[in-house]
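**Q** Sharing a structure, written as structure tokens. Questions coming.
Only the coordinates and a few stated rules stand behind these numbers; no lab work does. Predicted model, so just to flag it, every value in this text is computed and none were measured. When we count neighbours, we look across all protein chains shown, and the Cβ atoms used for this are built from the backbone with ideal geometry, even at glycine.
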Amino acid sequence: MNFKMLTPRLETDSNYKTSETITSISEMIFLKMKFPKVTFKIQGVYAQDPFNWLMIGGYAVESLSDPMKDYRNYTPITTASGWLDIHSNGKKWQVGLLAGYSKNLGADKDISGPTYQRGADIAYLYRISPRFVYNSGKFRIAPEIEYTVAAYATKDANGILNIDSKGMVTDSKEIGNVRFLLGVYFFF
């Protein structure tokens, strides 16, 4: 479990000192099971304001507690994420598959001001990545294919992004990417 408290700014735009904070809680679970022929790994994350973890999400201005002085109340934007990795345990040949998914769950409260987040216009992301590994002594070669998709918010008839009052994307379009990777290793 992770507890985080941030002070987004020390001074308002009107030059008043401020000490408003944003608090967030995040949980993570990880499980690894190794059997003679195969290894399974799985991880799940439920995170409020996971910006510093390089995940989609962050925080937003919920309301103004004092509009004259520009004092703000903040709300975290939540993300759920998980991945699964399965691979064989062969000494010479290994086959593996990684699959991951991340979803913007929005804020618990309505957002009335600016957001400070990564991927504000992303509803969800996923990746599927099969791989092969060939080991020969101290040499390893590992080709991999990554298929990654991001579901970006579409725009309505007025050109406004389809995002609701809690920061969740309400209509999206998937954009995919295929990447080929080749890892060559020499262990010494």
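**Q** List the equivalent ellipsoid semi-axes of the chain in whole Å, largest first, each obtained as the square root of 5λ for an eigenvalue λ of the Cα gyration tensor.
**A** After diagonalising the Cα gyration tensor, the semi-axes are 41, 20, 14 Å.
**Q** While we're on this one: Give the calculated FRET efficiency between Lys92 and Ile145 to the nearest 0.05, with a Förster radius of 35 Å applied to their Cβ-Cβ distance.
**A** After rounding to 0.05, the efficiency reads 0.95.
**Q** Same structure, new question: So which trypsin sites (Lys or Arg not before Pro) in segment 50-100 end up in coil per DSSP with only 13 or fewer other C-beta atoms within 10 Å?
**A** Passing sites in segment 50-100 are Lys91, Lys92.
**Q** Using just the Cα positions, wrap segment 132-173 in a convex hull and report its mean projected area in square nanometres, one decimal place.
**A** Directional mean of the projected Cα hull area for segment 132-173 stands at 5.2 nm².
**Q** Could you list, in their original order, any pairs among Lys17/Lys166; Lys37/Lys138; Lys103/Lys173; Lys32/Lys92; Lys37/Lys103; Lys41/Lys91 whose Cα atoms are separated by more than 24 Å?
**A** As for pairs spanning more than 24 Å Cα to Cα, those are Lys17/Lys166; Lys37/Lys103.
**Q** Could you give the distance between the Cα centres of segment 42-99 and segment 123-172, to the whole Å?
**A** One Cα centre to the other: 14 Å.
**Q** Moving on. If I stretch the segment between Asp108 and Lys32 completely, what's the gain in nm (0.36 nm per residue apart, minus their alpha carbon distance), one decimal?
**A** 24.1 nm
**Q** Need the full-extension length gain, Val184 to Leu161, defined as separation in residues times 0.36 nm minus the C-alpha distance. One decimal, nm.
**A** Result: 4.0 nm gained on full extension.
**Q** Then there is this: What ranking, highest mean first, results for peptides 81-87, 119-125, 3-9 when packing means the other Cβ atoms within 10 Å averaged over each residue?
**A** Highest-to-lowest ranking by the protection proxy: 119-125, 81-87, 3-9.
**Q** I need the peptides 50-56, 94-100 ranked by packing, meaning the mean over residues of other C-beta atoms within 10 angstrom, with the highest value on top.
**A** Listed from highest to lowest mean packing, they are 50-56, 94-100.
**Q** At a temperature of 37 °C and a viscosity of 0.692 mPa s, determine how fast segment 37-94 diffuses translationally according to Stokes-Einstein, using the Kirkwood radius over alpha-carbon pairs as Rh; express D in µm²/s, rounded to the nearest whole number.
**A** 223
**Q** Please give, to one decimal in nm, the separation of the simple spin-label points placed at Asn2 and Asn135, each 7 Å out from Cα toward the Cβ.
**A** 3.1
**Q** Of all trypsin sites (Lys or Arg not before Pro) in segment 110-165, which ones are in loop regions per DSSP and have a Cβ with at most 11 other Cβ atoms within 10 Å?
**A** Loop-located and lightly packed - Lys138.
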